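These notes concern the structure reproduced below.
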Amino acid sequence: MAEVSGLIFDLQAHSVHDGPGCRTLVFLSGCPLRCEWCSNPEGWEVRPRVMFSSMKCKQREWNCTRCVEACPRGAIKVADDPEAEQQIVIDRSLCEECTTYECVAACRVEGLRLCGRLWTADEFMRIMNRDRQYWGPGGGVTFTGGEPLVQKDFILELLRRCRRDYIHAAIETTGHAEPEFFMEALSLVEFAFVDIKLMDPERHRRWTGVTNELILANITALAGDSWSGRLVIRTPIIPGVNDDDENIVATAEFMRDVGLEEINILPFHRLGDSKWTQLGLVYPFKDQESPSRETMERIQGLFKDKGLVCYVGYETPF
Ligand code: SF4
Ligand code: SF4
């Protein structure tokens, strides 16, 4: 039988903000949402993504055209305007079916690089069993993304193997997954951050591309289940999108109604901006400032008024 494999677009060691202790963060490709403020757009699709860095590209200094010549589909050309921000232009509609990535192999300076590659479960577990030496007691692995529940067979296999090897598993999920599968996967983790981005279904669809009924139903089911793990709701605070009193109070009341007590609010940041550019996309939030401390304190106060425990930024105790 073929070994289970899946696409991972990043691994980060030594994380201390995404679950108990010291952890390895595993970024799985694929996401059903398209949040306009997303800081990991390279994880949206279950395929490797070609990223272009104008900082590293030597087209102008060296008159390099290696990628232009290497692409068998004619998808790359040198920009007509020598002053253009990006030295080369990629017609990404021609890249969708590409699996050979000759352009990346041709580039000697990482002007083009491939983000994401296929891992087998065996290979993954070898790395985890190496990393566990520095986790210390209480640490482990946190699966994030993208949305870690998109590659169903792969995540189930990794979670089962973590359990078999006594590795503490945590997950950061949008909660947008088929209910039965959601509960099956969550039964294999000890800690979960599940996002609530907006309470109004239509506003949720406007900003993320999907409505939130499935997400709220999954959270309700998990909160009412005999699951022994710890669930903390996470809400990124995006100015002008979800920072209004009406949305915050609705979130707090929903949590209270389903018996949840803890929420972690994260201030919007612009760290994903350059990734959108490297994918040939325009970041809609490129001029958006982070919410002020006063805004975060106001929102924290609204949650506290409803009897909830609200952690701001990286304050969540584990
Ligand atoms: S990903 Fe493939 S089609 Fe796209 S530019 Fe590179 S080689 Fe050409
Ligand atoms: S091969 Fe690399 S350095 Fe050369 S033009 Fe293409 S991206 Fe730039």
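In region 49-115, a dipole from Cβ-located charges (positive for Lys and Arg, negative for Asp and Glu) runs towards its positive end, and of C107, V68, A79 it is C107 whose Cα lies farthest in that direction.
Charged side chains reduced to their Cβ positions (Lys and Arg at +1, Asp and Glu at -1) give region 49-115 a dipole of some 280 debye around its Cα centre. Put E102, E213 in order of accessible area, highest first, and with a 1.4 Å probe you get E213, E102.
The mean accessible area for residues of region 214-318, using a 1.4 Å probe and ignoring ligands and nucleic acids, is 48 Å² per residue. Centre-to-centre separation between the Cα atoms of region 236-263 and those of region 1-29: 28 Å.
For region 2-86, with only Lys/Arg (+1) and Asp/Glu (-1) charged at the beta-carbon, what is the dipole magnitude about the Cα centre, in debye rounded to 20? It would help to have the intermediate numbers written out before the result.
Details: 10 positive and 12 negative charges, 46 e Å.
It comes to approximately 220 debye.
When ligands, DNA and RNA are left out and all protein chains stay put, how many square angstrom of accessible area per residue does region 77-181 have with a 1.4 Å probe?
Numbers: 5430 Å² over 105 residues.
Per residue, region 77-181 has an accessible area of 52 Å².
The portion of the accessible surface of the chain made up by carbon and sulfur, rounded to a whole percent, is 51 (1.4 Å probe; DNA, RNA and ligands excluded).
Each Lys and Arg Cβ is given +1 and each Asp and Glu Cβ -1; about its Cα centre, the chain then shows a dipole of about 1000 debye. A Gaussian network model of the chain, with springs between Cα atoms under 10 Å, assigns the largest mean-square fluctuation among Q133, Q59, Q288 to Q133.
Extension gain, E123 to M55, is 21.2 nm, computed as 0.36 nm per intervening residue step minus the present C-alpha separation. Take every pair of alpha-carbon atoms less than 8 Å apart whose residues are at least six positions apart; their mean separation over the length of the chain yields a relative contact order of 20 percent. Please report the relative contact order for region 173-215, taking Cα pairs under 8 Å with a sequence separation of at least 6, and give it as a percent rounded to a whole number. Contact order relative to length: 46 percent. Stretching W62 away from K304 to a fully extended chain increases their span by 81.2 nm, per 0.36 nm per residue minus the current alpha-carbon distance.
Considering only T99, T65, T235, the Gaussian network model of the chain with Cα springs below 10 Å gives its largest mean-square fluctuation to T99. Among the listed pairs K152/K275; K197/K286; K152/K197; K197/K306; K275/K304, which have their C-alpha atoms separated by more than 29 angstrom in this model? Over 29 Å Cα-Cα: K275/K304. A Gaussian network model of the chain, with springs between Cα atoms under 10 Å, assigns the largest mean-square fluctuation among L25, L271, L186 to L271.
Rg over Rh for the chain works out to 1.00, both radii taken from alpha-carbon positions and Rh defined as the Kirkwood radius. With the helix formula -39500 (n - 2.57) applied to DSSP H stretches of n ≥ 4, the chain reaches a computed 222 nm mean residue ellipticity of -9000 deg cm²/dmol.
The values are calculated or read from the model by the stated rules, or taken from the named source; none is laboratory data. Note that this is a predicted model, so its numbers are computed, not measured. Here Cβ is always computed from backbone atoms with ideal geometry, including for glycine, and neighbour counts include all displayed protein chains. These accessible areas exclude ligands, DNA and RNA; they are computed on the full protein's heavy atoms, side chains included. Shrake-Rupley method; radii C 1.70, N 1.55, O 1.52, S 1.80 Å.
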